[in-house]
Amino acid sequence: MKALVYTAPERVEVREVAEPAPRPGAVKVRMRYCGVCGSDIGIFAGKHPRAKPPLILGHEFVGTVADANGDRRFAVGDRVVGYPLLSCGECLPCRTGTPHVCRSLRLVGIDVDGAMAEAAWIDGDALVKVPACLSDEVAALVEPLAVVVRSLRQARFRLLDSAVVIGAGPIGALTAIVLGHSGASRIVVADVDDARLSVCRELGIETVDVRRTPLVDLIADTTGGDGVDVVFECSGAESAARDATRICRIGGTVCMTAVHKAPHAVDLRELNFKEQTLVGSRVYTRREFEMSAAHAATIADDLETLVTQVVPLSGAGNVFGMIADPAVLTVKLLVDCTR
């Protein structure tokens, strides 16, 4: 079968690989779409500490059950998405009900072969059925949507809160969409990429290009210096770490959704003097993943807007070049694993 394989830093290849063998407790899934994630970009760059070549990429997938392997929860033809987290079951987080922050957390497509292939055997316990009304393209966004659902819950977002989302990539744009459907009174998305911001504007979301208008100044001017209720940092940028506490109101919350790859300066005086809450958010619980699969159907029209490219698996060797090309608007790229 065909698969997109990470072979060395800045090298991926579409290879013919042997179909994996059946194993107890696993279900064979014929893959339909698999999204390219920021972690895949880090793997491609050779910067992910755990991903070792050769590795089949991909953890944001939707597919169809081809062999239920005796699992009565599924039938051939069922459409499914997969919860890709692999927890040890023994550490303190696992023992106390938070295995999504397992001390030795692993992921499909990072620590073990992933789903950017024609087929894979996936543990039945990890599969969630897709609502019949949900298209395959939107179903492929369930995993990143779950990241956003987790971050809103971590931030204790409330109806009519105002929010700034820093970063207009897939997670930032998804955050803005979910906020809009959750009753935010105001949403501002900030980025340096006007092409990505244009996608948010098409959805009726207020945007700011911080190359032209400093974010701190805009929020101060439009809130009378008060700031916003919640800041979602989705960019991983150094400037965002610095600005997040400055644009957040007294008693507000800063949610760190992005994973910063290096230590960045944070204005902790603002955190202290304003009695702000700074909270981290990492992946999602199993329950939040299931909730996202159901919720995707209610916001499907907006989610479809984020899919900017669909590339056949046979031609996927160039996907990272496409994503890196400033002349190509890429928000969310899907690989069509059937072609």
Requested in this report: Report, ordered by the first and then the second residue, all pairs with beta carbons closer than 9 Å, sequence separation of six or more or different chains, a first member in segment 93-111 that is in contact (Cβ under 8 Å) with a residue 12 or more places away in the chain and farther than 19 Å from residue 58 by Cα, and a second member that is open to solvent by 50 Å² or more (accessible area, probe 1.4 Å) and part of a helix (DSSP H, G or I).
Outcome: 98/92; 99/286; 103/92
Query - residue 102, sole failed condition from (1) surrounded by fewer than 16 Cβ atoms within 10 Å (Cβ to Cβ); (2) touching a helix residue (DSSP H, G or I) at 6+ places or on another chain (Cβ under 6 Å) - result: (1)
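Could you pull out the residue among 298, 305, 285, 277 that is open to solvent by 60 Å² or more (accessible area, probe 1.4 Å), of a type in the set (Ser, Thr, Tyr) and either touching an Asp or Glu at 6+ places or on another chain (Cβ under 6 Å) or within 22 Å of residue 181 (Cβ to Cβ) (or both)?
Checking each option against the conditions leaves just 298.
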Query raised in the report: Name the pairs whose Cβ atoms lie under 6 Å apart, with the first residue in segment 287-300 and at pLDDT 95 or above, the second surrounded by 18 or more Cβ atoms within 10 Å (Cβ to Cβ) and hydroxyl-bearing (Ser, Thr, Tyr), and 6 or more positions between them or separate chains?
Result: 289/83
Requested in this report: Scan segment 59-99 for residues that are of a type in the set (Gly, Ala, Ser), over 26 Å from the mean Cα position of the chain (by Cα) and in a strand (DSSP E or B) and report the count.
Outcome: 1
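Within segment 301-316, identify whether any single residue is assigned to a helix (DSSP H, G or I), among the β-branched types (Val, Ile, Thr) and farther than 26 Å from residue 236 by Cα, and answer yes or no.
no
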Requested in this report: Name every residue in segment 247-273 that is surrounded by fewer than 17 Cβ atoms within 10 Å (Cβ to Cβ) and not in a helix (DSSP H, G or I), in order of residue number.
Outcome: 250, 251, 259, 260, 261, 262, 263, 264, 265, 267
Query raised in the report: What do you reckon, is residue 11 within 22 Å of the chain's Cα centre (by Cα), more than 20 Å from residue 122 (Cα to Cα), of a type in the set (Lys, Arg) and assigned by the TED database to the domain that holds residue 108?
Result: no
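Going by the conditions given, is residue 192 more than 23 Å from residue 300 (Cα to Cα), at pLDDT 95 or above, open to solvent by 20 Å² or more (accessible area, probe 1.4 Å) and out of contact with any Lys or Arg (no Cβ under 7 Å at 6 or more places or on another chain)? Lay out the reasoning, then the answer.
Values: more than 23 Å from residue 300 (Cα to Cα): yes; at pLDDT 95 or above: yes; open to solvent by 20 Å² or more (accessible area, probe 1.4 Å): yes; out of contact with any Lys or Arg (no Cβ under 7 Å at 6 or more places or on another chain): no.
Against the criterion (more than 23 Å from residue 300 (Cα to Cα), at pLDDT 95 or above, open to solvent by 20 Å² or more (accessible area, probe 1.4 Å) and out of contact with any Lys or Arg (no Cβ under 7 Å at 6 or more places or on another chain)), residue 192 does not qualify.
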**Report entry** Check on residue 206, touching a strand residue (DSSP E or B) at 6+ places or on another chain (Cβ under 7 Å), open to solvent by 50 Å² or more (accessible area, probe 1.4 Å) and within 26 Å of residue 153 (Cβ to Cβ)
**Finding:** yes
Report summary line: Of the residues in segment 311-333, those that are polar (S, T, N, Q) and touching a residue at least 40 places away in the same chain (Cβ under 8 Å) come to 314
Report task. Please specify each residue of segment 235-273 satisfying the condition of being in contact with a helix residue (DSSP H, G or I) (Cβ under 7 Å, 6 or more places away or on another chain) and of a type outside the set (S, T, N, Q). Result -> 243, 246, 247, 254, 255, 260, 264, 265, 266, 267, 270, 271
Query raised in the report: Can you pull out the residues in segment 44-65 that are within 21 Å of residue 16 (Cβ to Cβ) and buried (at least 16 other Cβ atoms within 10 Å of the Cβ)?
Result: 44, 55, 56, 57, 58, 61, 63
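The values are calculated or read from the model by the stated rules, or taken from the named source; none is laboratory data. This structure is a prediction, so every number in the text was calculated from the model and none was measured. All Cβ positions, even for glycine, are placed from backbone atoms using ideal geometry, and neighbour counts span all protein chains on display. Accessible surface is based on the protein model in full, side chains and every heavy atom, while ligands, DNA and RNA are left aside. Shrake-Rupley method; radii C 1.70, N 1.55, O 1.52, S 1.80 Å.
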